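In what follows, a structure is listed as structure tokens, so that the remarks can point back to it.
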Amino acid sequence: PVEQYVAFALAQHPEIQAARDLIEVKASRVPQAASLKDPNLGTTVYPEEVQTAAGPQQYSLNASQHIPWVGKLSQRAAIAEADVEVARAQLAAKELEVIEQVKKAYFELYFLQLACRLLLNVIAGASRYVVIVNRNVHRFGNCLEMLIKPFLTRLVVIRSNLERSVGPFLRGAARQSQ
């Protein structure tokens, strides 16, 4: 079951989605960095014929292409590819962080559920041996309150943390399935 929660969190986490989009954007820049700049083509039309050594001219065409120094294009491409690799590493780090958060919350909740079950079993077993004497019942009640209160408090905190972190995703998934 924890794998399903991890897969869901990885698919729905907004920071992970943003990192994946960033990788796509940076990967699309690699071919652009490895190619020559756009060529320029220009034309000039003269209002009157211009006499040159080559003869009269009514218009002229010119074309230009910026050609970088040897190895510069491959360096730009390598830099762009390295930028993509950095983005992939950041995505992997964020995915590991989300996996850690989900697993930690899952197993903490699991532990508290087991502890509550165990505590209820202890209470049920102990209640068989309670002697109905007012003073003893009062002592037993205080003891139970001291045992139960920290567990319930921690359970409430974990539940609120889970609702805050995973709740919006679960509500979104419920809307999508309807």
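Please pull out the direction-averaged projected area of region 11-103, using the convex hull of its alpha-carbon atoms, in nm² to one decimal place. Before the final figure, lay out each step's value.
Details: hull surface 40.4 nm².
Over all viewing directions, region 11-103 projects a mean Cα-hull area of 10.1 nm².
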What figure, in Å² to the nearest 10, do you get for the accessible area of Arg76 with a 1.4 Å probe and non-protein molecules left out? 90
So, counting K/R as plus one and D/E as minus one, what does the shell of residues with Cβ under 13 Å around Ala7 add up to? -1
Rounded to the nearest 10 Å², the accessible area of Ile67 using a 1.4 Å probe with every protein chain kept is 130
Check each of the chymotrypsin sites (Phe, Trp or Tyr not before Pro) in region 11-115 and keep only those in coil by DSSP with at most 16 other C-beta atoms within 10 angstrom; list them in order. Trp69
For Ala27 paired with Leu41, estimate the spin-label separation in nm (one decimal), with each label point 7 Å from Cα along the Cα-to-Cβ line. 3.3
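Taking the Cβ of Gln58 as the center, what net charge do the other residues with Cβ under 11 Å away carry, scoring Lys and Arg +1 and Asp and Glu -1? The partial results should precede the final answer.
Working: positive: none; negative: Glu48, Glu49.
In short, -2.
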Lysines with Cα under 16 Å of Lys72, excluding same-chain neighbours fewer than 8 positions away: Lys37
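Determine the gain in length on full extension of the stretch Ala7-Gln51; use 0.36 nm per residue of separation and subtract their C-alpha separation, reporting nm with one decimal. Before the final figure, lay out each step's value.
Numbers: separation 44, 0.36 × 44 = 15.84 nm, distance 7.57 nm.
Result: 8.3 nm gained on full extension.
The values are calculated or read from the model by the stated rules, or taken from the named source; none is laboratory data. None of the values given here were measured: they were computed from a predicted structure. Cβ: placed from backbone, ideal geometry, glycine included. Neighbour counts: every protein chain shown. Note: areas computed on protein heavy atoms with side chains; ligands, DNA, RNA excluded. Shrake-Rupley method; radii C 1.70, N 1.55, O 1.52, S 1.80 Å.
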